[in-house]
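Below is one structure, written out as structure tokens; comments come after it.
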Amino acid sequence: MTQCDVMPLNATAASLLGFLHDGPLTGWDLVATAQQRIGAFWSITQSQVYRELTAMAGDGLVEAGERGARDRRPYAITDKGREAFATWVAELPAPEMIRFPLLLTVQFGAHVPRETLAAHVSHHRAAHAQRLAGYEASRAAADACSTLCVEYPTIISTPNSKRAACGGMSSCPRCTPSAPAASATSARSLTINFAPNERATRKASETSA
């Protein structure tokens, strides 16, 4: 398939394909994932999710599975979908479109009592500080995950599956659900600082290829 054969994507459709790189998800799962992972800076409604899934299924970018519990149908990304996403994500992002209610209020601050305006600013400052702390914690977790994947290329056995030593975090650029298992290594204890004041210790079991 040539690059010109790949359907152009809008940002919402591309985001859904990005989430599907981690494995099949239902429309309901995608709505929840979008709210959790990009809700702070990109809005996606439930109706948008199902509309884009229907369109992408028609274009061969995703494949619908059998309906399961509560009549929910999982969707999986196809090779064509991966190629379309790769094309989209490599493009220069469009300029941001800012709709910032606080700045709109500040623009007309001459008509707002000083103490009220100060309270509005203080509220938003606290909200942004909390959001920044969340971003920093996520980055620290991703950095620890990436470092661990390089320094300890082994796998951890769990009752139902085998996961990368870092836990297979979706934010880690080196981790995928289908990451190949490395050769057997001696058991070791791995300690990762995922966030301030939080420590997770995982046991890496000796595993044969």
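Remark: the E63-E136 segment gains 22.8 nm on full extension, using 0.36 nm per residue and subtracting the alpha carbon distance. Put a dot 7 Å past the Cα of D143, heading toward its Cβ, do the same for A32, and the two dots end up 3.1 nm apart. Taking 0.36 nm per residue of separation and subtracting the Cα-Cα distance, full extension of the segment from T87 to Q46 would add 12.2 nm. Between H21 and R72, the contour length at 0.36 nm per residue exceeds the alpha carbon distance by 16.5 nm. Taking the protein heavy atoms of the range 1-147 in the context of the full set of protein chains, the accessible area attributed to carbon and sulfur is 56 percent at 1.4 Å. Each semi-axis of the equivalent ellipsoid for the range 1-86 is √(5λ) with λ an eigenvalue of the Cα gyration tensor; in descending order they amount to 20, 16, 10 Å. Among 127-139, 61-73, sorting by the average number of other beta carbon atoms lying within 10 angstrom of each residue, highest first, gives 61-73, 127-139.
The values are calculated or read from the model by the stated rules, or taken from the named source; none is laboratory data. Given the structure is predicted, the values throughout are model-derived calculations rather than measurements. Cβ: placed from backbone, ideal geometry, glycine included. Neighbour counts: every protein chain shown. What goes into the accessible areas is simple: the full protein's heavy atoms, side chains included, and nothing from ligands, DNA or RNA. Shrake-Rupley method; radii C 1.70, N 1.55, O 1.52, S 1.80 Å.
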